[in-house]
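S.K.: Shown below is the structure under consideration.
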Amino acid sequence: MRRLFQFIYQYRAFFLFLVLELVSGWLVVNHNNYISASYFNSSSAIAGNVYDSRQNIQDYFQLKQVNQNLADENEQLRNQLALKQPMLDTSQFKTPVYLSGQYDYTMAKVVNNSVSRFRNYFTLNKGRNDGIEEGMGVVNSLGLVGKIKSVSNNFSTGYSALHVNLLVSALIDETQTLCTATWDGTDPTKMKLKYVPRHVQVKKEMDVVTSGFNSIFPEGVKIGEVDTVFIQKNATFYDITLKVAVDFQSLDYVYVIGNKLKQEKDSLEQSIEVLND
Amino acid sequence: MYVGFILLLPISVSRNYVLLIAAFTGFVIDIFYNSLGTHMAATILMAFIRPLWINAITPRGGYENIESPTAKDLGLAWFLAYSLPLVFIHLCLVFFIEAGGFHMFFFVIFKAITSTFLTVFVLIIIQYLFYSKGRFS
């Protein structure tokens, strides 16, 4: 026994190395399971505040660009409003669900963001106190941005759409083909579109939007445009590359989408699954 | 870039302390990068290899009055030989854990090589800018 301890003491640096590597390996494997544990990621109070104050300084250098984006969005919204006006006058008109408040939007500022890693995350300056919860969708005026991962009182961290493990249920707008959009970890302006069957006629510059099936995003949020289409001779599905609608290198303001009917929809779908068994 | 902190630690610091310092540094970096464990594992590995590598490239007889393995004290060529492999191993581990496997092998290796050169380049610039000669005497 004494020799064993002597042996361990002699090679203590190596054993310390082993123990520490095991701890960090355990952290890597288990990290994604602790979704609600927000202490050890960038939505924690300390990291969030550091990113917040850094962003405050950077903001001054982006004011012109942000103003321009907001003005563009205002113009777009005003145009939409002008189109809707005559419809609202008719007595037969039923308010669509997305106008009657199934979704509510919370505006938040991106205080940290990355595009160069395989698993990219962003940090927002709003948290549980502002009504943000885990699993909510995040969009901006151009299209889909990501999904909230964990929330603290005043900050939240989200998966960017540029995260190799995030799959988004998508729809090719013209053909109404259901498919899946994901990122392959290389180019931050391109995404991949999977599971488009070969009988569909896919052309360049077709719009790809969210399907609205997973009750995170409303229907029709833009993801991108079809960029390159390729199919192997015997393959069942296309290899499609998307040009991403959002410029991830310059994210500023985003909207977090809450779905008030999510619980109702999920419990309904669950009850159907139970019946099928 | 933070690997420079581990690389430039004085040689006299005991190996166990270097490992613990590396673990803590990596952990803090991971909190900010949302990648719990990734940078920690890589930094610990690098801290473990560091003394072995220093011994391997030290000429017989050792050095006189060297506290920290800096480019100014030991020369640019020595520092390149010292830092390039260590930083490369560190970045390889970080990127492979991030990618979650070897399915993008050549892209990851390419990314690690370019990042290594950038990191070492910045480390050298930092040393010539901020380390005055009499500082550690």
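S.K.: How do the helices (runs of 4 or more DSSP H) wholly within region B:14-125 filter down when requiring 2 or more residues that are within 19 Å of residue A:16 (Cβ to Cβ) and among the hydroxyl-bearing types (Ser, Thr, Tyr): which remain?
M.R.: Output list reads B:15-33.
S.K.: Could you figure out which of (1) in a loop (DSSP other than H, G, I, E, B); (2) of a type outside the set (A, V, I, L, M, F, W, C); (3) touching a Phe, Trp or Tyr at 6+ places or on another chain (Cβ under 7 Å); (4) farther than 19 Å from residue A:172 by Cβ isn't true of residue A:255?
M.R.: Answer for residue A:255: the failing condition is (1).
S.K.: Now a separate question. I'd like the residue in region A:145-171 that is surrounded by fewer than 21 Cβ atoms within 10 Å (Cβ to Cβ) and away from chain B (no Cβ under 14 Å) and, out of all such residues, is nearest to the chain's Cα centre (by Cα).
M.R.: Per the criteria, the residue is A:167.
S.K.: How about region A:161-180: which of its residues are more than 23 Å from residue B:105 (Cα to Cα) and either outside the structural domain of residue A:236 (by TED's automatic domain parsing) or part of a strand (DSSP E or B) (or both)?
M.R.: Residues satisfying the conditions are A:168, A:169, A:170, A:171, A:172, A:177, A:178, A:179, A:180.
S.K.: Something else now. Going through region B:41-51 one residue at a time, which ones are within 22 Å of residue B:114 (Cβ to Cβ) and more than 10 Å from chain A (Cβ to nearest Cβ)?
M.R.: The answer is B:46, and nothing else.
S.K.: I've got another one for you. I need every pair where a residue in region A:116-134 that is within 13 Å of chain B (Cβ to nearest Cβ) and of a type in the set (D, E, K, R) has its Cβ under 9 Å from the Cβ of a residue that is in a strand (DSSP E or B) and buried (at least 23 other Cβ atoms within 10 Å of the Cβ), sequence separation at least 6 or different chains.
M.R.: A:117/A:162; A:119/A:160; A:119/A:162
S.K.: Does region B:22-34 include one or more residues that are out of contact with any Cys (no Cβ under 7 Å at 6 or more places or on another chain), farther than 30 Å from residue A:159 by Cα and either surrounded by 13 or more Cβ atoms within 10 Å (Cβ to Cβ) or in contact (Cβ under 8 Å) with a residue 24 or more places away in the chain (or both)?
M.R.: no
S.K.: Quick check on my filter: what residues within region A:46-58 are more than 11 Å from every other protein chain (Cβ to nearest Cβ) and of a type in the set (A, V, I, L, M)?
M.R.: A:57
S.K.: So which residues in region B:10-40 are facing another protein chain (nearest Cβ under 7 Å), touching a helix residue (DSSP H, G or I) at 6+ places or on another chain (Cβ under 6 Å) and not small (Gly, Ala, Ser), if there are any at all?
M.R.: Residues satisfying the conditions are B:15, B:16, B:19, B:31, B:32, B:36, B:38, B:40.
S.K.: Can you work out which of the residues in region A:58-107 that are outside any loop (DSSP other than H, G, I, E, B) and of a type in the set (Lys, Arg) is modelled with the lowest pLDDT?
M.R.: A:84
S.K.: Is it true that residue A:232 is in the same structural domain as residue A:177 (by TED's automatic domain parsing) and assigned to a helix (DSSP H, G or I)?
M.R.: Against the criterion (in the same structural domain as residue A:177 (by TED's automatic domain parsing) and assigned to a helix (DSSP H, G or I)), residue A:232 does not qualify.
S.K.: Within region A:200-217, how many residues are more than 15 Å from the chain's Cα centre (by Cα) and of a type in the set (Val, Ile, Thr)?
M.R.: Residues flagged as more than 15 Å from the chain's Cα centre (by Cα) and of a type in the set (Val, Ile, Thr) within region A:200-217 amount to 3.
S.K.: When residue B:78 is evaluated against the numbered criteria (1) surrounded by 16 or more Cβ atoms within 10 Å (Cβ to Cβ); (2) within 14 Å of chain A (Cβ to nearest Cβ); (3) over 13 Å from the mean Cα position of the chain (by Cα), which criterion, by number, is the only one it fails?
M.R.: (2)
S.K.: Inside region B:103-129, can you point out the residues that are within 13 Å of chain A (Cβ to nearest Cβ), surrounded by fewer than 19 Cβ atoms within 10 Å (Cβ to Cβ) and not hydroxyl-bearing (Ser, Thr, Tyr)?
M.R.: B:103, B:105, B:106, B:107, B:110, B:118
S.K.: Can I ask one more? Would you point out the residue of region A:1-25, among those that are within 7 Å of chain B (Cβ to nearest Cβ) and under 33 Å from the mean Cα position of the chain (by Cα), that is surrounded by the most Cβ atoms within 10 Å (Cβ to Cβ)?
M.R.: A:24
S.K.: Of all residues in region A:181-198, which are in a strand (DSSP E or B) and in contact (Cβ under 8 Å) with a residue 40 or more places away in the chain?
M.R.: If the condition is that a residue be in a strand (DSSP E or B) and in contact (Cβ under 8 Å) with a residue 40 or more places away in the chain, then A:181, A:190, A:191, A:192, A:193, A:194, A:197 are the ones that fit.
S.K.: Going through region A:104-114 one residue at a time, which ones are away from chain B (no Cβ under 13 Å) and under 13 Å from the mean Cα position of the chain (by Cα)?
M.R.: The answer is A:110, and nothing else.
The values are calculated or read from the model by the stated rules, or taken from the named source; none is laboratory data. Just so we're clear, the structure is a prediction, and the values are computed from it rather than from any experiment. Quick reminder, even Gly has a Cβ in these numbers, built from the backbone with ideal geometry, and neighbours come from all protein chains shown.
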